[in-house]
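Okay, structure first, notes after.
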Amino acid sequence: MKTHFFPLVFLLIFSLAQGLNPTCDIQDHGSNLQVFHVYSPCSPFKPSKPLSWEEDVLQTLAKDQARVQFLSSLVAKKSVVPIASGRQIVQSPTYIVKANIGTPPQTMLMAMDTSSDSALVPCTGCIGCSSTAFDFAKSTTFKTLGCQAAQCKQVPNPTCGGSACAFNMTYGGSTIAGNLSQDTITLATDPIPNYTFGCLQKTAGSSVPPQGVLGLGRGPLSLLSQSQNLYQSTFSYCLPSIRSPNFSGSLRLGPSGQPVRIKYTPLLKNPRRPSLYYVNLIGIRVGRRIVDIPPSAIAFNPSTGAGTIIDSGTVFTRLVEPAYVAVRDAFRRRVRVANVTSLGGFDTCYSVPINAPTITFMFSGMNVTLPQENLLLHSTAGSITCLAMASAPALNVIANMQQQNHRVVFDVPNSRVGVARERCS
């Protein structure tokens, strides 16, 4: 196993009792779940005190940068992580869905993450976790997996001092410890019995947030793998714009109800990072002109892991430096405003109104043209506008701001991903 058990955009797992607005408690139906932005009026995780626009951008950039650096580090070295199927946690939750765990069900809010595999749940008694936790003692269907369980064999370094399959991992200056466990998880109206997840017992250090994970990656302990009979390894999401008043999108599980008229691009397989959704980015247009990008900057390289992934957890799209500089310079030339300023990690900002070109990501078999709402950040007062992209060390990441108001379909059996414009909010 060369994937890891802990996610990058980890699942925000909290009970609705922690402040979810009751008017937002609309029942999910069928295999469709509502998706909320973490700062939406329907989220209990929005800041207690409203941040200024600049503070919000800088804070998001800082968290985003940590995630991108970790994603990039994954492609630069071999995987040596003590737990299978998932990834170490970087604090950057963005979109949350509602799930029910246990019998009787305990309602949680989970941040969805396409770049991780597994569920990681803070459990009652966890030292260093959030005050909100899954009370496994109240669930009649909960069980802890023993060392003889097949799932435990996917863990490279399990600890089997007692009867439980325990794990313990280091992340930066932090450690996470817990037990591999199972319980029923219900998404919308679909119960998935015996769902395997990590029941957290201890977290230490500031690197690891005291939350959890619901991975939508391709690994053996991901939602797709554990619900294969139910959803046939197919799902789609439509992420709402943070500008929309309702902040509500959808996560659609299974092949039923997926769009018929949609273009696809093949998913690529990286044996060293099998759960990441790699695609073949072959070029980028600014306006109608194809940007001159060194081929090596966007080429897929399975031996190093370089290339392009689609990720639900990174907020702002990142391109490796040669690609980013070429796109940025082409954008600046089209805007034709001499006075370019910066804000945090954004180096292309303007303090006057601009007429921005579209940017088109060209994939094998599919082009995705992004309008201004997917490209520009505007300050509340409208006095500052920034191109919402930045450079990355080793990996191109198509991030969630650029995916907003698009239906993104992950069809794993046919090894393809499709994108179509859709009003999600």
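The values are calculated or read from the model by the stated rules, or taken from the named source; none is laboratory data. On a predicted model such as this, the values are computed, not experimentally measured, just so you know. Note that we place each Cβ from the backbone using ideal geometry, even for glycine, and neighbour counts take in every protein chain shown. Heads up: the accessible areas ignore ligands, DNA and RNA and are worked out on the full protein's heavy atoms, side chains in. Shrake-Rupley method; radii C 1.70, N 1.55, O 1.52, S 1.80 Å.
Solvent exposure of segment 110-151, expressed per residue, is 37 Å² of accessible area, with all protein chains present and a 1.4 angstrom probe. Around the amide H of residue 343, modelled in the peptide plane, lie the amide H atoms of 348, all under 5 Å away and 5 or more residues distant in sequence or on another chain.
Checking every one of the trypsin sites (Lys or Arg not before Pro) in segment 290-346 against DSSP loop status and a limit of 12 other Cβ atoms within 10 Å picks out 336. Each Lys and Arg adds +1 at its Cβ and each Asp and Glu adds -1 at its Cβ; summed about the Cα centre, segment 224-343 shows a dipole of about 440 debye.
Annotation: amide H of residue 192 within the under-5 Å range of 185, 186, 187, sequence separation 5 or more or interchain, hydrogens built in the peptide plane.
Note that segment 357-397 presents 30 Å² accessible area per residue, ligands and nucleic acids not counted, probe 1.4 Å.
Amide hydrogen proximity for residue 388: with H placed 1.01 Å from N in the peptide plane, the residues at 5 or more positions away or on another chain lying under 5 Å are 376, 377. Solvent-accessible area of segment 375-425 (1.4 angstrom probe, protein heavy atoms only): carbon and sulfur portion equals 51 percent.
Normalising the average separation of contacting C-alpha pairs (under 8 angstrom, six or more residues apart) by the number of residues puts the relative contact order of segment 325-369 at 27 percent.
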